[in-house]
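Here the structure comes first, spelled out in structure tokens, and everything after it is commentary.
The values are calculated or read from the model by the stated rules, or taken from the named source; none is laboratory data. Only a predicted model underlies this, so the values are computations on that prediction, with no experimental measurement involved. Note that each Cβ is placed from the backbone with ideal geometry, even for glycine, and that neighbours are counted across all protein chains shown. The area values use the complete protein model at the heavy-atom level, side chains included, leaving out ligands, DNA and RNA. Shrake-Rupley method; radii C 1.70, N 1.55, O 1.52, S 1.80 Å.
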Amino acid sequence: MERAYFVVEGPHDVEVVGRLLALHGLERVKWLADLDKFWTRLVPRTFPHQGDLMRRIPVPVFFASEGFSVAIHSAGGIGNIASVVEATFTALDEEPQGLGVLLDADDDDVKRRWETVVSALPTKDAGSAPGAVGQGTPRVGVYVLPDNDTAGTLEYLLVQCAEKAYPKLLKSAKAWIDPLDPNDESIFKNAKERGDFSKPAGKTKAIASCVASVLRPGKSIQVSIQDNQWLRHPEALELDVVKQLRRFIDAVLGVDRATEAQSSS
Amino acid sequence: MRPVAFPSLHIQSFRGLRDLHLEECGPVNLLVGGNNSGKTSILEAVLLLASPVDPRQWEGAVDLRTTWPLADVRFGASGVARLDALEWLFPHGEGTIGAIDIKGGGPVGHIVATAERIVGEPPGEPIVSAEGLIEASFRVRQRNQEDLFEQPETLVEPGLVIDISLLWEHRPVGERQDRFKMVLWETGRSFRGRVRVSKPRLSVAFASPISHRSDGYLATRVSRLLRAKKKHRAIALLQQLDAKVVDLVMVSPEDFDSGSAIPRGGAAPSLHVEYEGAGLVPVHAMGDGMRRALHFAVLLAEVESGGVLLIDEIEVGMHTSVLRDVFNWLCQACRDAGVQVFATTHSLEAVDAMLEGIPDEDLVLYRIRESRARRFSGELLRVSRAELGQEVR
């Protein structure tokens, strides 16, 4: 059994990793009784968490197949990633074979973001560059979305997927969002409203959300990632930006090792 | 971090533990882990290391797991030969008894002890010789009232020789090792503390999960405080928890014939807590939680600065709603007194209460499993428990 632990910045990233894991037959684990005992310590047992009735229980999302077992934790921001990894690795009785970290580079230099996280991780040998996976134990890699090179976020990748899977819808969404001016006070009533939209990735995020809203009206983008063709469409899966992420996830997961073990047995 | 008696602990071999490292111990150390993981063994190891050449400490280490002397006396002893119990402190292999090897990271040094069964004649009196020979017996096992009046016969009987080496790495060459031989007998004359052992000794006290339930035991400990002129410390501690506590007193049962010039003899005096407004309340009438808190206060009043307080199953007797306040009180008192705490628990609520009541820098949690310790600093424990809700036990 190959086990891997992914820590990502937000819930959208969780769904992207989950979709790409599904390409290897991994399915979401719904019931505690079906969960690999290896991960049991990561499941909170009390509610409300920290007395907060509104807060989501910080349980990882689990995926499993016959040969793989994966937990994905949403850390809620780059500043929390290292401490989440350290707490989890201490809580578990043994370390998983793979550790993958996904973050974005919306408002910072890619290399600097990568170095910040790598230097804080409790593990050694996190690969030589963003997106590379070290060959130590565990195998560790830190991926900076969208492509380990350009500044941006997950939505940059999703929009490229939409060009293949939903070109007409994407064109409409862009036609609506692109002309909007973040400084137009007749649209945005205050600084808080214009805040996220005025960020570098603001328009790209809004465009991806528009596409998702048509596909799954009233639902969040993460539901659309699960259900729609963003990362199912054959041409989307063959995009360089997606193939690069798939290679990273496969390396952390140890897909080659598992395949070798299967073919030799 | 402030100085502590045990900055680290390395148990190379003791009971079932092998090569266990507790690194960077804190002022308050919580030990968690499954049944039979060795949590209580760690407390026993600390107890021995604190005073390795005191026969009473070896006796105490044996008693930690038993109900003696709290209940077994009533039922004619536990049936477990105490030398057998003592022998089981040593690691057992197939037909062999290995050496105890425990290293403290601080002033307590390092002990290596071996055990050998012998048959012989116990001495009439305990012996402590200048040459490092200590010979003593456990308390006479009193099976029935008649035995109390029988003179112990001098018989050949089994004993246990414990060869103890004390090692100090930081001392100059030639002064790094002291060697003692201790001979302990099952019966015969008790050590009873009449012979003082001047060799290394760290102030230490131990609370078992049941000791607070024995009125006699609590009364004995308060009497000890009284003799040592430390009772006021225990009262001051209790007052921090309940401002209405006035005093701890031993009270005889009420003498109904109060007009008589000479009071009637009756049952033994029992320990009472005097409260402002409520008067004297016998400890036996109190709830489990208050008795446990009283026990903690009495033990803490006994331990000197630089010493260690050991607590097995710290949550026992207390409702979850008071855990935070009691732990906060206890740990603050330990901090003020300069006393390090090692405590075991099975309770996640106790872990969370510790996190709520104690500064992160004072707290360390170790999860023990198969002689390996996973260390959570207070800060890491807060992420694991408060942020992620993980199971750390």
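Regarding segment B:374-388, can at least one residue be identified that is more than 14 Å from every other protein chain (Cβ to nearest Cβ), touching a residue at least 12 places away in the same chain (Cβ under 8 Å), surrounded by 18 or more Cβ atoms within 10 Å (Cβ to Cβ) and more than 21 Å from the chain's Cα centre (by Cα)? Within segment B:374-388, not a single residue is more than 14 Å from every other protein chain (Cβ to nearest Cβ), touching a residue at least 12 places away in the same chain (Cβ under 8 Å), surrounded by 18 or more Cβ atoms within 10 Å (Cβ to Cβ) and more than 21 Å from the chain's Cα centre (by Cα).
Being within 21 Å of A:Gln50 (Cβ to Cβ) and either more than 14 Å from chain A (Cβ to nearest Cβ) or of a type in the set (Phe, Trp, Tyr) (or both) is the requirement here; does B:Leu310 meet it? No: the conditions fail for B:Leu310.
Among residues of segment B:197-229 being β-branched (Val, Ile, Thr) and assigned to a helix (DSSP H, G or I), the one that is modelled with the highest pLDDT is B:Val222. The set of residues in segment B:246-288 that are among the acidic types (Asp, Glu) and modelled with pLDDT of 90 or more comprises B:Asp247, B:Glu274, B:Glu276.
Number of residues in segment A:22-48 that are assigned to a helix (DSSP H, G or I), out of contact with any helix residue (DSSP H, G or I) (no Cβ under 7 Å at 6 or more places or on another chain) and not aromatic (Phe, Trp, Tyr) equals 6.
Taken over segment A:35-74, residues that are polar (S, T, N, Q), more than 14 Å from chain B (Cβ to nearest Cβ) and either without any contact (Cβ under 8 Å) to a residue 24 or more places away in the chain or crowded, with 17+ Cβ neighbours inside 10 Å (or both) amount to 1.
Among the criteria (1) more than 10 Å from every other protein chain (Cβ to nearest Cβ); (2) open to solvent by less than 40 Å² (accessible area, probe 1.4 Å), the one A:Asp108 does not fulfil is (2).
Per-residue answers, yes or no, for (1) at pLDDT below 95; (2) over 20 Å from B:Pro209 (Cβ atoms):
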| site | (1), (2) |
| --- | --- |
| B:Phe6 | yes, yes |
| B:Ser13 | no, yes |
| B:Asn36 | yes, no |
| B:Thr66 | yes, no |
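Rundown of residues vs (1) more than 18 Å from the chain's Cα centre (by Cα); (2) closer than 20 Å to A:Cys161 by Cβ; (3) small (Gly, Ala, Ser), yes/no style:
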site: A:Val8; (1), (2), (3): no, yes, no
site: A:Trp31; (1), (2), (3): yes, no, no
site: A:Gly51; (1), (2), (3): yes, no, yes
site: A:Ser65; (1), (2), (3): yes, no, yes
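Scoring A:Trp114 on the criteria (1) open to solvent by 10 Å² or more (accessible area, probe 1.4 Å); (2) within 14 Å of chain B (Cβ to nearest Cβ) leaves a single failure, condition (2). Taken together, the residues in segment B:5-40 that are open to solvent by 10 Å² or more (accessible area, probe 1.4 Å), polar (S, T, N, Q) and outside any loop (DSSP other than H, G, I, E, B) amount to 3.
Among the residues of segment B:379-391, are any part of a loop (DSSP other than H, G, I, E, B), under 25 Å from A:Ser83 (Cα atoms) and in contact with an Asp or Glu (Cβ under 9 Å, 6 or more places away or on another chain)?
no
Identify the residue in segment A:75-100 that is part of a loop (DSSP other than H, G, I, E, B) and of a type outside the set (A, V, I, L, M) and, among all such residues, is farthest from the other protein chains (Cβ to nearest Cβ). Looking at residues that are part of a loop (DSSP other than H, G, I, E, B) and of a type outside the set (A, V, I, L, M), I get A:Gln97.
One residue is enough: does segment A:12-25 have a residue meeting the conditions within 14 Å of another protein chain (Cβ to nearest Cβ), open to solvent by 10 Å² or more (accessible area, probe 1.4 Å) and either within 14 Å of the chain's Cα centre (by Cα) or at positive phi (or both)?
Looking only at segment A:12-25, we keep the residues that are within 14 Å of another protein chain (Cβ to nearest Cβ), and these are none.
Scanning segment A:12-25 turns up no residue that is within 14 Å of another protein chain (Cβ to nearest Cβ), open to solvent by 10 Å² or more (accessible area, probe 1.4 Å) and either within 14 Å of the chain's Cα centre (by Cα) or at positive phi (or both).
Residues of segment B:350-373 that are at the interface with another protein chain (Cβ under 9 Å from one of its Cβ atoms) and under 24 Å from A:Arg55 (Cβ atoms): B:Asp352 alone.
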